[in-house]
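Note sheet for the following structure.
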Amino acid sequence: MEWLEDNKIPIGRWLADFVDFLNEYFFWLFDGFTVVLEYVFDLTSLALLSIPAFAMIALIAGAAYWLHRSWKISLFIVLSLLLIVNLGYWEDTMETLSLVLWATVLCVVIGVPIGIAAAHRPKLWVSIRPVLDMMQTIPTFVYLIPALTLFGLGPVPGVVATVIFVVPAPIRLTYLGISSTPTPLIEAAESFGATNKQLLWKVEIPYAIPNIMAGLTQTIMLSLSMVVIASMVAAPGLGIPILRAINQVNPAKGFEAGIAIVIVAIIMDRVCKLPDKRK
C-alpha cells in the first residue's frame, strides 16, 4: 500500500501544467474572450436595468400571456416579481438573468449541433458519452479553479464553469430527440426525394423540438443552480447576497435571496415551456 501511495500518478500536476501551458501561450485568446463576454454581459445587464422595474414586469407578464394565454401565469409573474422588488433584489435578479441568459445561449449553440452530430454518427456518441458523464459528475467547484486561472475574476469564469457543467444536458436531449425520430417517418421523407439537409430541418428537428425544449429548460434550471457557486469567483447576481449571508451567518438574508432564485427559476420554467395547443 505504501509503495502504491509513494508512486502516485501525477494526474493533478499534468492537468495543472496543461492549464499553465494554455495560460502562457494562449493568454491572448482567453483575454479576448474575457473582454468580449464581459462587454456583452455588462451591456445586457445595463439594458435590463435601464428598463423601469414595473415596465419590465409588465413586459414579462405580457409575453407570458401571449405565449400561453393564461392569466394565472401572468398574475403569478406579476406578484412574484413585485415580491422581488419589495425584498430589494431587483438589480441582483437582472444580473442573474443576464448571467443565465448568456450561459444558456452558449450551451444551446454548443450543445444542439453536437447532439445532432452524435445522433447521426454512433461512433461519435460512444466516444463523447463518457466525457459527458465526467463533466456532470466532477464537483462543480473544480471547474472554478482553471476558469479562474484562465479568465480572472468576474462573470466570465462563472459563465464558463456553468457552461462546462450544463452543456451535457442539451447534448443528451438533442441526441435523444433526433435519434428517436421514427424510421417510417424518415423513410417516407426519403421516398419523396428529401435530401439530408431537408430531412434534418423538415423532419428530424421538428420531431425533436419537445426534447430540445426540454434541454433548454434543463439548461436554465442547471444554470440557476450554479449562481451561488459562480459568485465565489465574483460573478454578480443573486449568489452574492447568499454568499454574504453564509459568511455572516445571516439566515434571513439567505432565505430572501434564495426565494428570489426560486421565483426566477419557476418563471423561466413556465415561460420557456412549449405553449399548449390553442383551439
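Extent of the chain along its three principal axes (Cα atoms, max minus min coordinate, largest first): 65, 62, 40 Å.
Given the C-alpha centroids of segment 25-46 and segment 102-121, what is the distance between them in whole angstrom? Centre-to-centre (Cα) distance: 22 Å. Solvent exposure of the chain, expressed per residue, is 57 Å² of accessible area, with all protein chains present and a 1.4 angstrom probe. D by Stokes-Einstein for segment 166-279, Kirkwood Rh over Cα pairs, 37 °C, 0.692 mPa s: 194 µm²/s. Averaging over all projection directions, the Cα-based convex hull of segment 35-80 occupies 3.8 nm² in the image plane. Semi-axis lengths, largest first, of the ellipsoid equivalent to segment 103-156 are 26, 15, 8 Å, with √(5λ) applied to each eigenvalue of the Cα gyration tensor. Only protein heavy atoms count here; on that basis, with a 1.4 Å probe, TYR143 has an accessible area of about 20 Å².
What's the whole-number percent of alpha carbon pairs in segment 228-270 lying beyond 14 angstrom? More than 14 Å apart: 48 percent of the Cα pairs in segment 228-270.
When the square roots of the Cα gyration tensor eigenvalues are ordered a ≥ b ≥ c, the ratio a/c for segment 62-203 is 1.5 or more and a/b does not exceed b/c, which makes its shape oblate.
Within segment 202-252, all pairs of alpha-carbon atoms sorted by distance into 10 Å bins from zero give the percentages 24, 31, 20, 15, 8, 2.
Okay, helix-only estimate at 222 nm for the chain: each DSSP H run of n ≥ 4 adds -39500 (n - 2.57), divide by all residues, round to 500 deg cm²/dmol; what do you get?
When only DSSP H runs of four or more count, the value is -26500 deg cm²/dmol.
The values are calculated or read from the model by the stated rules, or taken from the named source; none is laboratory data. Remember, it's a predicted structure, so these values are computed and weren't measured experimentally. SASA here: full protein model, heavy atoms, side chains in, ligands and nucleic acids out. Shrake-Rupley method; radii C 1.70, N 1.55, O 1.52, S 1.80 Å.
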